[in-house]
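Okay, structure first, notes after.
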Number of protein chains: 2
Amino acid sequence: MKKIDIFKKLRSSGLRPTKQRVEIAKFLFERDKTFHFTVESLNKLLEKKTTFKFALATIYNTVHAFKNAGHLNEVDVRGKKTYFDTNIINHHHFYDNETSELIDIDAKEIVIQKIPKAPNGKKIKNVEVFINLKN
Amino acid sequence: MKKIDIFKKLRSSGLRPTKQRVEIAKFLFERDKTFHFTVESLNKLLEKKTTFKFALATIYNTVHAFKNAGHLNEVDVRGKKTYFDTNIINHHHFYDNETSELIDIDAKEIVIQKIPKAPNGKKIKNVEVFINLKN
DNA sequence: TCCTAGTTTATAATTATTCTAAAGTAAATA
DNA sequence: TATTTACTTTAGAATAATTATAAACTAGGA
Ligand SMILES: [Mn+2]
Ligand SMILES: [Mn+2]
Ligand SMILES: [Zn+2]
Ligand SMILES: [Zn+2]
């Protein structure tokens, strides 16, 4: 993903392409593989990988803005920190409790044969499968 | 579940049947249907349903003790609060994002036909299916 | 260039949870 | 039963993640 695409992505989401947002977007989206992060881990990575200094609040703001724009997904993981995912396509996860690591599972790798119908008045939004790992 | 069973349950887990633990255990386990709660909601319910006063720390202590003893399960839910489940049998959940409500799905209501093998050196501990609901 | 709404920032506030250490209690021991 | 001991409860302090505040800054339009 090139700089011009980053600008487009931000603009089309109604987000001004500020220095901070562009830097963070480049870091998150200019890569081959998607990945999972917390605000804390992202902050550390940005400190290492860029010369820029970001206020922690800006990282929170930006991550939430990207999430609300649909450029990031939130993943439910046991524990206190919120995990985000640059993979916004419907998929599933292995979760390694020892390392607190999430591993993607492509949606087509899991086939569900039988599923209950939603409670009265509700519809199914999506189905998430979590496979907990042990050694 | 009778008082004598509550005592047994506590004793067999190496937990002294203190007034507080017995009260909380009665509240949690002397019922027909299992249920989901947070420490905050449990605290409120205990205030309403019992004449006893519990320090918040005691509720945390007790819930964790029960969880470690295997009498409660923790459920991963989006958000900041930790959810607990008196249903300790393997099962799945609907999650209603509007009401923050968890609804149990019996394990046999979901049949998974295809599942990827665990990453190298790891084994599958369990599989949890989360069905997010919308209106 | 000037203006303005949107953004960043340092810092304070909030929320959920855990820690601390003193006081209380269950139950083993004498 | 009285004494002892380890375990438990408790109020309050501490911590950790996140959100709110409000002043300074900036992108982009007029
Ligand atoms: Mn969670
Ligand atoms: Mn928290
Ligand atoms: Zn993922
Ligand atoms: Zn449940």
**Complete:** Surrounding charge for A:Phe84, neighbours by C-beta under 9 angstrom, Lys/Arg +1, Asp/Glu -1, total -1
**Request:** List the extent of the Cα atoms of the protein assembly as shown along each of their three principal axes, largest first, rounded to whole Å.
**Result:** 70, 43, 43
**Request:** Report, to the nearest 10°, how far helix A:56-68 tilts away from the longest principal axis of the Cα atoms in chain A, using its own Cα long axis and a range of 0 to 90°.
**Result:** 50 degrees
**Prompt:** Percent of alpha carbon pairs in segment B:42-98 separated by more than 19 Å?
**Reply:** 41 percent
**Asked** Can you give the net charge of the other residues whose Cβ lies under 13 Å from the Cβ of A:Asn43, counting K and R as +1 and D and E as -1?
**Response** +2
**Asked** Percent relative contact order of segment A:3-75, based on C-alpha pairs within less than 8 angstrom and at least six residues apart?
**Response** 26 percent
**Complete:** chain A: spread of alpha-carbon positions along the three principal axes, whole Å, largest first, is 49, 38, 26
**Item:** Long-range HN-HN contacts of B:Phe35 with modeled amide H, under 5 Å
**Value:** B:Thr86, B:Asn87
**Prompt:** Cα gyration tensor of segment A:3-75, axes a ≥ b ≥ c as square roots of the eigenvalues: rounded (a/c below 1.5), prolate (a/b > b/c) or oblate?
**Reply:** rounded
**Request:** Can you tell me the relative contact order of segment A:90-133? Whole percent, Cα pairs under 8 Å, sequence separation 6 or more.
**Result:** 52 percent
**Fill in**
The answer for B:Asn97, listing residues at least 5 apart or on another chain whose modeled amide H is closer than 5 Å to its amide H, is B:Leu133
**Prompt:** Cα axis of helix A:19-29 to longest principal axis of chain A: angle in degrees, 0 to 90, nearest 10?
**Reply:** 40 degrees
**Message:** Explain nothing, just the number: relative contact order of chain A, from Cα pairs under 8 Å at least 6 residues apart, as a whole percent.
**Reply:** 19 percent
**Item:** Rh by Kirkwood over Cα pairs, then Stokes-Einstein D for segment B:90-133 at 1.306 mPa s and 10 °C, µm²/s
**Value:** 131 µm²/s
**Prompt:** Taking amide hydrogens as modeled 1.01 Å from N in the peptide plane, which residues meet the under 5 Å criterion relative to A:Thr82, leaving out close sequence neighbours?
**Reply:** A:Val39
**Request:** Keeping every protein chain in place, order A:Arg78, B:Arg11 by accessible area at 1.4 Å, biggest value first, i.e. largest first.
**Result:** B:Arg11, A:Arg78
**Asked** What is the spin-label model distance, in nm, from A:Arg16 to A:Phe52 if the labels are put 7 Å beyond Cα along the C-beta direction?
**Response** 1.5 nm
**Message:** If the reach is capped at under 27 angstrom between alpha carbons, list the lysines near A:Lys48, excluding any in the same chain fewer than eight residues apart.
**Reply:** A:Lys2, A:Lys3, A:Lys8, A:Lys9, A:Lys19, A:Lys26, A:Lys33, A:Lys67, A:Lys80, A:Lys81
**Item:** Per-residue ³J(HN,Hα) for segment A:114-125, Karplus 6.51 cos²θ - 1.76 cosθ + 1.60, θ = phi - 60°, Hz, x for Gly and Pro
**Value:** 9, 8, x, 7, 5, x, 3, x, 10, 10, 7, 7
**Message:** With θ taken as phi - 60° and the coefficients 6.51, -1.76 and 1.60, list the Karplus ³J(HN,Hα) couplings across segment B:36-51 in order, rounded to whole Hz; mark glycine and proline as x.
**Reply:** 10, 7, 10, 4, 5, 5, 4, 4, 4, 4, 5, 4, 6, 8, 10, 8
**Given chain A, longest segment not containing exposed loop GluC sites (Glu not before Pro) (DSSP; at most 16 other Cβ within 10 Å)** = A:31-97
**Prompt:** aspartates and glutamates near B:Lys123 by alpha-carbon distance under 13 Å, same-chain residues fewer than 8 away left out - which ones?
**Reply:** A:Asp96, A:Glu98
**Item:** Separation between Cα centres of segment B:41-118 and segment A:67-107, rounded to whole Å
**Value:** 21 Å
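The values are calculated or read from the model by the stated rules, or taken from the named source; none is laboratory data. The structure presented is a predicted model; accordingly, all values stated were derived computationally and were not measured. Every residue, glycine as well, gets a Cβ built from its backbone with ideal geometry; the counts of neighbours run over all protein chains shown. Note: accessible area is taken over every heavy atom of the protein model, side chains too, but ligands, DNA and RNA are not part of it. Shrake-Rupley method; radii C 1.70, N 1.55, O 1.52, S 1.80 Å.
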